[in-house]
Amino acid sequence: MVSTTYQVKGMTCGHCVSAVSSEVGAIAGVHDVQVDLASGQVTVSSEQPVAVEDIRAAVDEAGYDLVEA
C-alpha cells in the first residue's frame, strides 16, 4: 500500500471535500482518500503509486488546484 499526500488549493467547505474525495477516489487503484479541509491536504492510499497527472486531472475536474510540490 502506498500513501501520498498532496496540497490542494481552493477548498473551503464540506462540499469541496466531497467533490475532491469523489473524483480522486474514482482513479483506478485508489483505495482511500482523506481530505483535511483546514490544511488543504489530500492523502491518497493506493496499491501502486498513482501518477501525479492523474491526481491533478481529478482535482481539476472537481474544480480545485493541485499545488506543485
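Where a number appears in this text, it was derived from the coordinates with a stated rule and is not lab data. No experiment lies behind these values; they were computed from the predicted model shown. Reconstructed Cβ throughout: ideal geometry from the backbone, glycine too, with neighbour counts over all protein chains shown.
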If I go through the stretch 44-69 residue by residue, how many of them are without any contact (Cβ under 8 Å) to a residue 12 or more places away in the chain and part of a helix (DSSP H, G or I)? 4
Scanning the stretch 45-69 residue by residue, the ones that are touching a helix residue (DSSP H, G or I) at 6+ places or on another chain (Cβ under 6 Å) and under 15 Å from MET1 (Cβ atoms) total 0
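Scan the stretch 44-67 for residues that are among the acidic types (Asp, Glu), farther than 19 Å from THR12 by Cα and loosely packed, with under 15 Cβ neighbours inside 10 Å and jot them down. Steps first, please.
Just the residues of the stretch 44-67 that are among the acidic types (Asp, Glu), to begin with: 47, 53-54, 60-61, 65.
With the extra rule that they be farther than 19 Å from THR12 by Cα, the set shrinks to 47, 53-54.
Across the stretch 44-67, the qualifying residues are GLU47, GLU53.
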Hey, can you tell me all the residues within the stretch 1-43 that are loosely packed, with under 12 Cβ neighbours inside 10 Å, assigned to a loop (DSSP other than H, G, I, E, B) and over 11 Å from the mean Cα position of the chain (by Cα)? MET1, THR12, CYS13, ALA28, ALA38, SER39
